[in-house]
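Undergrad: Could you have a look at this structure, given as structure tokens, before my questions?
The values are calculated or read from the model by the stated rules, or taken from the named source; none is laboratory data. On a predicted model such as this, the values are computed, not experimentally measured, just so you know. Quick reminder, even Gly has a Cβ in these numbers, built from the backbone with ideal geometry, and neighbours come from all protein chains shown.
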């Protein structure tokens, strides 16, 4: 339901953002060449034959317009594309104006990076970088204000009853209440609950004031009220459900069903079509998408390859330090549980004295672990012991960003102790992750780590990976390893 209305809202916001992005660039150009530095207009030369060449569309007495019209158009289009790619138009984000403004700021920053990168390689006429900087500042202000006012305008329309659809809920328990709560939280989309059908004694306290009558009177009440949508929100009862659906079909009512397995379904659930048969996916994980997997794998190969090449001299020094610190191999390989619960060999610089595998695989380390060598303690504190894991990333066993891999022995323990622990294995393990930049490294709360990992998995985006990578080094400095 929300998805249907959100398409219209999203289209409206896209058109608005296109206008606001163009306005931001125009105001920035006027500010720079007509307010702050008007003398610089004399040095503006429109592009002769490049991508931004005006091709005689503008008179010679307007060089600024001729030089900056097409760059402004490019900026506006790329800004909207960045907003679409970063999924800024999600319904849930409309409820948090401050959070939405932060997301807009990130989107503008990403677009700014793309535009500057393009201008760096572009061989046409030079454009003022100050205009681009002013544009970015104005864009955050205008887009943030524009989104807020747009939603405020929609809310005013809904309050006046414009494009409001009336809903009758069949059911009065916790399932019906949860649906009612979602409707109330998303009033901007124009749905209004006008009544609930069910027994008064079993009604949820919040729904008690909305009761119109018992279920046996459902058909009579529906004809009297004439709702736009009838929502069935009762625990599984196929006969009753069939009667409601058949009644809606015969009377022409739009019927929706809230499944009674709602507790098992996350906010990212979706319906797939399997050759004509609907299949409910309980957790729609972004990284199961082929395009996203390709994007992430491409980044992993390039990034890990660069790190291996650029840090290889460091590897040689660390290898010598490890070799002379205590007897044993330089690299330590250990079984870890990765994507789809498959085992892989995880590589690290050895930080402990050589010991029996059964001990190392089943003993939980800590800050005072006596098995750690002096060099090993330094490597752990700086996380340099994990550099060889970039080999795992390059080979495809791991990713640069993802949940940290754990040993099979502890996975077996944690999966029964911590709720949803095994969801961590729906993506590749990573060298760094959302949990790590939150300070959840080493001997910290497993439960909080699981929550952070699941948040990352269900909210993955390429931009989020970049943010995590950029925040990893500051996080290592403020929260060193053990």
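Undergrad: Which condition does residue 456 not pass, out of (1) closer than 25 Å to residue 357 by Cβ; (2) assigned to a helix (DSSP H, G or I), if it passes all the others?
TA: Of everything listed in (1) closer than 25 Å to residue 357 by Cβ; (2) assigned to a helix (DSSP H, G or I), residue 456 misses just condition (1).
Undergrad: Still on this structure, I have one more. Does residue 68 satisfy being at pLDDT 75 or above, under 38 Å from the mean Cα position of the chain (by Cα) and part of a loop (DSSP other than H, G, I, E, B)?
TA: no
Undergrad: Also, I was wondering about something else. Residue check: is residue 76 part of a helix (DSSP H, G or I), more than 15 Å from the chain's Cα centre (by Cα) and at pLDDT below 80? Full working, then the answer.
TA: Working: part of a helix (DSSP H, G or I): yes; more than 15 Å from the chain's Cα centre (by Cα): yes; at pLDDT below 80: no.
When the stated conditions are applied, residue 76 does not pass them.
Undergrad: Does residue 400 meet the test of being crowded, with 17+ Cβ neighbours inside 10 Å and at negative phi?
TA: When the stated conditions are applied, residue 400 passes them.
Undergrad: State all residues of segment 226-239 that are buried (at least 16 other Cβ atoms within 10 Å of the Cβ) and either in contact with a helix residue (DSSP H, G or I) (Cβ under 7 Å, 6 or more places away or on another chain) or part of a helix (DSSP H, G or I) (or both); if no residue qualifies, say none.
TA: If the condition is that a residue be buried (at least 16 other Cβ atoms within 10 Å of the Cβ) and either in contact with a helix residue (DSSP H, G or I) (Cβ under 7 Å, 6 or more places away or on another chain) or part of a helix (DSSP H, G or I) (or both), then 230, 231, 232, 233, 234 are the ones that fit.
Quick grid of which residues meet (1) outside any helix (DSSP H, G or I); (2) in the same structural domain as residue 348 (by TED's automatic domain parsing); (3) at pLDDT below 90:
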{"residue": "370", "(1), (2), (3)": "yes, yes, yes"}
{"residue": "377", "(1), (2), (3)": "no, yes, yes"}
{"residue": "390", "(1), (2), (3)": "no, yes, no"}
{"residue": "393", "(1), (2), (3)": "no, yes, no"}
{"residue": "397", "(1), (2), (3)": "yes, yes, no"}
{"residue": "400", "(1), (2), (3)": "yes, yes, no"}
{"residue": "404", "(1), (2), (3)": "yes, yes, no"}
{"residue": "419", "(1), (2), (3)": "yes, yes, yes"}
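Undergrad: Out of 200, 220, which single residue is part of a loop (DSSP other than H, G, I, E, B) and over 18 Å from residue 258 (Cα atoms)? Write out each step before concluding.
TA: Numbers: 220 fails: part of a loop (DSSP other than H, G, I, E, B).
The match here is 200.
Undergrad: Please state which of the following conditions residue 205 fails to meet, knowing it meets all the rest: (1) at pLDDT 75 or above; (2) part of a helix (DSSP H, G or I); (3) exposed (fewer than 12 other Cβ atoms within 10 Å of the Cβ).
TA: The one condition residue 205 does not meet is (2).
Undergrad: A follow-up question, please. So is residue 441 within 28 Å of residue 460 (Cβ to Cβ) and in a helix (DSSP H, G or I) or not? So that I can check it myself, show each step before the final result.
TA: Details: within 28 Å of residue 460 (Cβ to Cβ): yes; in a helix (DSSP H, G or I): no.
Here the answer is no, as residue 441 does not meet what is asked.
Undergrad: Sticking with this structure for a sec: Residue 480 fails exactly one of the following numbered conditions: (1) at pLDDT 85 or above; (2) not in a helix (DSSP H, G or I). What is the number of that condition?
TA: (1)
Undergrad: Sticking with this structure for a sec: Please specify each residue of segment 32-44 satisfying the condition of being buried (at least 17 other Cβ atoms within 10 Å of the Cβ) and either part of a helix (DSSP H, G or I) or not assigned by TED's automatic domain parsing to the domain that holds residue 104 (or both).
TA: Hits for segment 32-44 are 32, 33.
Undergrad: Just checking, how many residues over segment 324-352 are more than 38 Å from the chain's Cα centre (by Cα), in a helix (DSSP H, G or I) and surrounded by fewer than 14 Cβ atoms within 10 Å (Cβ to Cβ)?
TA: Residues flagged as more than 38 Å from the chain's Cα centre (by Cα), in a helix (DSSP H, G or I) and surrounded by fewer than 14 Cβ atoms within 10 Å (Cβ to Cβ) within segment 324-352 amount to 1.
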